[in-house]
1. In nm, to one decimal, how far is the residue 77 label point from the residue 182 one, both placed 7 Å along Cα→Cβ?
2. Output wanted: per-residue J couplings in Hz (rounded whole) for the stretch 293-303, from phi through Karplus 6.51 cos²θ - 1.76 cosθ + 1.60, θ = phi - 60°, x for Gly and Pro.
3. Over the chain, what is the relative contact order in percent, taking alpha-carbon pairs closer than 8 angstrom and at least six residues apart?
4. I'd like the orientation of helix 197-210 relative to the chain: the angle between its Cα long axis and the longest Cα principal axis, in ° from 0 to 90, rounded to 10.
5. Roughly how many Å² is the accessible area per residue of the stretch 278-371, as a whole number, for a 1.4 Å probe?
6. Under 5 Å between amide H atoms, partner at least 5 residues away or on a different chain: which partners does residue 342 have, H built in plane at 1.01 Å?
7. What is the percent carbon and sulfur in the accessible area of the stretch 67-187, measuring with a 1.4 Å probe over the protein chains and ignoring ligands?
8. Around residue 203, under 13 Å between beta carbons, what's the net of Lys plus Arg minus Asp minus Glu among the other residues?
Amino acid sequence: MSTTIGLGIPEPPRTLSPRRKTRQLMVGSVGVGSDYQVSVQSMTNTKTHDINGTLQQIAQLTAAGCDIVRVACPKPIDAEALPAIAKKSPIPVIADIHFQPKYIFAAIDAGCAAVRVNPGNIKEFDGRVKEVAQAAGDAGIPIRIGVNGGSLDKRLLAKYDGKATPEALVESALWEAGLFEEHGYGDIAISVKHSDPVLMVEAYRQLAEQCDYPLHLGVTEAGPKFAGTIKSSVAFGSLLSQGIGDTIRVSLSADPVEEIKVGDQILQALNLRQRGFEIVSCPSCGRAQVDVYTLADEVTAAFEGMDYPLRVAVMGCVVNGPGEARDADLGVASGNGKGQIFVKGQVIKTVPESKIVETLIEESERIIEEEGLEPIRGAKAEVKVTS
């Protein structure tokens, strides 16, 4: 009795845990909550009052796959720019408000899709909750209560011996949410960010157990690109694999577009977003009969900008090549100056090493045409190294 083995990109397996059930929100055209896919956010680093510069960066973020964008509003001239930005932005705009409550109302009047408030550093915020709830409710927009370890309310810091513990972060967020609920407003998302991934994860775990608000995940001040990517990946992976998290931002000291790339790859790795183009390559070993590092770099460069859901494998020898990469749509196993090109796990031809890259491109174009593949918005090349 023969057994048929399906090759190529397999059907996505179930996620590690079902999504935590939450209430549902609409941030402009983007749904946030357990009924919707996890969205990826970033924040512009332009001066918001530079309308053209800000809109240009938003366009770049949108092209990279950003779902929702946040803009800062620290000054009157920034508030004055919000109507134009909110109107012309291709994706929903959230106004990020600190210190002055008057900017909350300016953002709502400007037509922003949502407002993020940090109660810990907004002057006399608790006393203005009724007004904010009324204005947001009338406009039909949600509010994100964003609690940060570095700007926790002084009263809670005193209660917890001056430390931004997970318990302190959760208590602050739920206290503020409760004030809004007292005024009949419940379109709330919450974040409890901390720069320490372990504290951050524990805070979100506790928060998830105590409420049904959608949660925005973030490791605040995560650091430069490499370190910030590691911290965010560890923290987000831990929470999302448990079904916790409805929208994310990877906070990097880098071009905001890099935040989108990392966030998108995290979601793809957890099967929370359709996978885009992917290169699978071996780490090289004593069996390798080709410079795997150079070949992988050449293939990556050749497929730069590829936004179709293809998996391409680059293997350094023929010992395990097609077998180890059987889930790839297309690949090469190299050795002795030649490359065995395989499609869906089956070797279809052998070409000289100098022809490997162009052959992979030709075969990828053929697969895209024959299978009628559609590009994925924001998909970027991902490189994985097999063990």
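1. Label at residue 77, label at residue 182, 3.9 nm between them.
2. Rounded to whole hertz, the list is 4, 5, 4, 4, 5, 5, 5, 4, 5, 5, 9.
3. 16
4. In the chain, helix 197-210 runs at an angle near 60 degrees to the longest axis.
5. 46
6. Placed amide hydrogens put 331, 332, 333, 348 under 5 Å from residue 342.
7. 52
8. Once positives and negatives cancel, what remains is -2.
The values are calculated or read from the model by the stated rules, or taken from the named source; none is laboratory data. Worth saying up front: this structure is predicted, and the values here are computed from it rather than measured. Reconstructed Cβ throughout: ideal geometry from the backbone, glycine too, with neighbour counts over all protein chains shown. Heads up: the accessible areas ignore ligands, DNA and RNA and are worked out on the full protein's heavy atoms, side chains in. Shrake-Rupley method; radii C 1.70, N 1.55, O 1.52, S 1.80 Å.
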